[in-house]
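Here is the structure we will look at.
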Amino acid sequence: MKSITKLLLISMLSGFFAIANATVKLPHFFSDNMVLQRDKAIRIWGTAAKKERVTITFNSVVQSVETGKDGIWKLQLPAMNYGGPYEMTIQGKENTITLKNILIGDVWLCSGQSNMEFNLDGDFTAEEAIGNATNKNIRLLTVPKTIQTKEQFDIEPTQWKECTPETAKYFSAVGYFFGKQLQENLNIPIGLINSSWGGTDIETWTSWEASMNNSDYSKYRGKSMEKSLGFTMDDINRFQEGMEGEKDIAQRWFDPAKKLSGWKKRYVPKAWDAELAHEDGIIWFRTEITLPQEADGAEGVIQLGSIDDQDVTYINGTEVGRTDFWMTNRNYTIRPGILKAGKNVIAVRVKDTGVTGGMVSESDQLFLEVKGQKYNLAGEWEYKPYILSSSFGFKNFGYSPNSFASLLYNGMIHPLVGYNIKGAIWYQGENNASRAYHYRTLFPNMINDWRAQWGYEFPFLWVQLASFMKVEDQPMESDWAELREAQSMTLSLPKTGQAVITDIGEAFDIHPRNKKDVGYRLAHSTMNVAYGKNVLPSGPVFEKMEKEGNRLVLSFTNTGNQLTTSDKNRHGYVNGFAIAGSDKKFVWAQAYIRDNKVVVFSDDVTNPVAVRYGWANNPFDNNLANSEGLLASPFRTDK
């Protein structure tokens, strides 16, 4: 009877999918409230039955196309001026889709890591900004997070929304302020697509094809991404299915009467290492403790400290507690009647979903306490894996987008390719700072990649790293300074721009809360880079250095009317400079503005050969600016 029911269910589902595939469908980014890019051909695509004719009606234009053998149809409408709102109908044989409240304007893709993901409700002006966020001419689309080993046709379920206090609140703060400023300046509809993920490397946002330009991945040239990985999304999905629920509890490994077979021993507490290193999965641990007669039936406490990530804990076959968060201390009350005199069996089901797993506290934090007596539980425990990621072809992959190149590009960027955009803004680099020199090639490679995928050279602007970490007493080398240098070097690509924000970082918070000025500075540069407005695209840019005795005189471009300082001090003193002689030992220098140049010197360096400006993790007091108040980017004259 059970097998017949299963066959009927399969038959019903097969019929359902056959019907579903016969209907016209659209990727999720084609929805009510969307913004379509003005002045460029409008591309629309989706799925339907093979050879089905699909007809689109939009803004008095009617066009039809026949679905290909792969069930995919694509259609291109002529370029249109900004305006709206409009309706669009997509008609097939079985169904008609009507999309409402569509605008034509400029669409900007906003991407990067956590400082782009950072929501508007975290900005230092959040209350005022959210309260004034209602704007029917700004539309917001947030791409859901997903890791994919193949390029996807669609993003995860989502839709465009009008900008309101409710929708703006959880949208990218940088994206919102950028779009708000553009909309005010241009008075046209603005669409913002936020596709970002905190703590991510640039490699994961680059296509597999372009990743072959990266020396770390060139060895995979000619292989598919899944072939190079050694596993597929099916493997990941099967692993995650095994991780869901608690089917393993049916094994009753928590039962003292259960005979153990194939269990090994390892010291606890200890993070998973050796053969368990880099594993995600579920592992059971068991140990025994002998208690005196006075503990029989008594109430007690078991302390297990921190467990990464989740646990279910049993004593003598009875569950005494469970926790789903790795940072939470495991301190469970043992009800009367569970403990007994003599042998007691403790079993802990540990589930790790990413990075390090195991019981990771100090040994003295692992104990059982009863009647005021503590019994230390540190030592050798028996263990048995129920499911491990390595059994499915991968280790330490489950929830990490940085495990391999292209994992986020595949599901969060590639589906959007073809949805025409005006340009892109980018806030990322913190995660790549430890390999800053490599960023010199990684960053332009990704920009060129995205432009190649879309098929045109759209404007691309980014945020330079903010000031961060403690302020150093003396000049020294800096990964963050080198990353900023790599970002500035990428300005050699056409139609690029950069917002310098070394003055609005926070020493002890990698997520500075002033996102308003970040968005506005990006918008300022964009008016020049993308719209050709007569504004300076950036702050002063170092041009050349000349020597005058024990002084070095620096010339700059992008000065506007004149060089100045952001604090407008009357002496024109410039902070942030260091100077060195041929010994390459940098010391703090004095600097001042003279004849629209900067003169740098130190009484300790009689024969200077090089200067550095803002060359630090936290150059918080950099103040060299142009007449439009835009800060100079950190730089160095030495190589």
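Remarks
- A residue that is aliphatic (A, V, I, L, M), touching a residue at least 60 places away in the same chain (Cβ under 8 Å) and in contact with a strand residue (DSSP E or B) (Cβ under 8 Å, 6 or more places away or on another chain) cannot be found anywhere in segment 565-576.
- Note on segment 256-360: enclosed strands (runs of 3 or more DSSP E) holding 1 or more residues that are under 20 Å from Gln373 (Cβ atoms) and assigned by TED's automatic domain parsing to the domain that holds Ala378 are 281-291, 300-308, 310-315, 318-323, 329-334, 342-352.
- Those residues of segment 309-360 which are small (Gly, Ala, Ser) and in contact with a helix residue (DSSP H, G or I) (Cβ under 7 Å, 6 or more places away or on another chain), in sequence order: Ala341
- Residues that are closer than 25 Å to Phe586 by Cβ and surrounded by 16 or more Cβ atoms within 10 Å (Cβ to Cβ), drawn from segment 498-537: Gln498, Val500, Ile501, Thr502, Asp503, Gly505
- Within the option set Leu103, Leu109, being buried (at least 21 other Cβ atoms within 10 Å of the Cβ) and farther than 30 Å from Ser406 by Cα holds for one residue only, Leu103.
- 1 or more residues charged (D, E, K, R): qualifying strands (runs of 3 or more DSSP E) within segment 373-475: 373-376, 379-388
Listed here are the residues, each with its yes/no results for (1) buried (at least 16 other Cβ atoms within 10 Å of the Cβ); (2) more than 30 Å from Ser224 (Cβ to Cβ).
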position: Gly379; (1), (2): no, yes
position: Tyr383; (1), (2): yes, yes
position: Phe394; (1), (2): yes, no
position: Pro401; (1), (2): yes, no
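- Hits in segment 547-557 - residues which are exposed (fewer than 11 other Cβ atoms within 10 Å of the Cβ) and either touching a helix residue (DSSP H, G or I) at 6+ places or on another chain (Cβ under 9 Å) or in a strand (DSSP E or B) (or both): Glu548
- Considering Thr134, Thr146, Thr158, the condition of being over 22 Å from the mean Cα position of the chain (by Cα), in contact (Cβ under 8 Å) with a residue 24 or more places away in the chain and surrounded by fewer than 18 Cβ atoms within 10 Å (Cβ to Cβ) is satisfied by Thr134 alone.
- Members of segment 476-502 found to be outside any loop (DSSP other than H, G, I, E, B) and of a type in the set (A, V, I, L, M), listed by number: Ala481, Leu483, Ala486, Met489, Leu491, Ala499
- In the set Lys568, Lys585, Lys544, only one residue is at pLDDT 95 or above and outside any strand (DSSP E or B); that residue is Lys585.
- Of all residues assigned to segment 147-158, none qualifies as being more than 23 Å from Ile236 (Cβ to Cβ), in contact with a helix residue (DSSP H, G or I) (Cβ under 8 Å, 6 or more places away or on another chain) and not small (Gly, Ala, Ser).
The values are calculated or read from the model by the stated rules, or taken from the named source; none is laboratory data. Being a predicted model, the structure only gives us computed values, none of them experimental. Counting neighbours? That spans all protein chains shown, and the Cβs are built from the backbone with ideal geometry, glycine included.
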